[in-house]
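Below is one structure, written out as structure tokens; comments come after it.
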Amino acid sequence: MERQDLPTELVIYILETTAQISVQFCLTLSLVSSWTRRLALPHLFTTVVLKDNTSFFKFLEPLDKQPPKHPWPDCRPLHHVQNLWLEVAQPSLRTVFSGCCNLQKLALDHEAFTWLVFLSSTLAEDRCRQAFLPFANPTRSTGLDVLMILHDRRNWTNLLKHYQDSYFVPRITRLRLPYLKSYDRQCLPAKSFPRLSHLAIPFYDLQLHDLALLEPVLALEGLEVLVVVIMTDRTSSAAYKSVLAWFSNTHSMTSKVFLAEATSDDVETSWKLEGKGGDSIWDCATVFTQSLTLNGD
């Protein structure tokens, strides 16, 4: 049988599809040839996870010192970053964000969030003599999808009040808070994000999560979607039935409210899968809510 080569377009499609879902394949592909390296690197940098200072400065090092005989001299890794997980609080965050012109999704702990808010405010310019983060640039008006990887905070209002001129906060249009011990306004500062259109919050305890407190949130003019994520590993059957009853009553009055299911230990895993083309919490909420309405729950 005579051997037939695959069409070049099909080969490229197979390589790009596999590179999108496998970091190891990206690394292997980048060692094969110069053209496969060019194909692999954008996918390799699409999702970046920085959990400590060591990984943060290792990530910065090649950006600061590019070898003179670099095989791809016009390579700009930061331009390919679309999803960024940060558990690092460093002034050098400004360097990263000034180059991440295609950033879409962020996962931040409290310290990283605080630094970004500060660095994008006038206080950073006055006290640290640092320029604003480039969020003021009108060409970067695209909203950010932010996951807060932090536990219950009761100083949201105070924190954001001090940085009302931040260019970072207005960029946030989608916000997920997977850890929340109360729906009161100190813990759930929805009004502090002027462009917020999507909000996802957890539910697992009727005493901690008073669903009646969500009425002011649903009344926010710019909010389009409120997802109540039922944490199935922490929710009793009685609480589950109660949130379903609340949803049935509330959904009849507003189309803003959605339900979804998740577990406490899948936050990071699901976020990474989303960066590889998997369903987002917003996608899951749409499907789950549709199933409830079709079943008449």
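Data for the structure
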item	result
Answer from Gln24, Gln20 - the residue that is assigned to a helix (DSSP H, G or I), modelled with pLDDT under 75 and within 27 Å of Trp271 (Cβ to Cβ)	Gln20
Residue in the range 255-275 that is more than 15 Å from the chain's Cα centre (by Cα), farther than 30 Å from Gln20 by Cβ and buried (at least 17 other Cβ atoms within 10 Å of the Cβ) present	yes
Residue match in the range 234-249 (condition: at pLDDT below 90, out of contact with any Gly (no Cβ under 7 Å at 6 or more places or on another chain) and of a type in the set (Lys, Arg))	no
Given (1) modelled with pLDDT of 95 or more; (2) on the phi > 0 side of the Ramachandran plot, number of the condition Gly296 does not satisfy	(1)
Which listed residue is touching a Phe, Trp or Tyr at 6+ places or on another chain (Cβ under 6 Å) and not in a loop (DSSP other than H, G, I, E, B), from Val287, Val227	Val227
Test result for His43, at pLDDT below 85, under 18 Å from the mean Cα position of the chain (by Cα), part of a helix (DSSP H, G or I) and more than 24 Å from Trp115 (Cβ to Cβ)	yes
Residues of the range 219-260 satisfying the condition of being free of Cβ contacts under 8 Å to residues at least 12 places away in the same chain and either under 19 Å from Arg176 (Cα atoms) or of a type in the set (Ser, Thr, Tyr) (or both)	Ala219, Glu221, Ser236, Ser237, Tyr240, Ser252, Ser255
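The values are calculated or read from the model by the stated rules, or taken from the named source; none is laboratory data. All values reported here derive from a predicted model rather than from experimental measurement. Don't worry about glycine lacking a Cβ; one is built from the backbone with ideal geometry, like all the others, and counts go over all protein chains shown.
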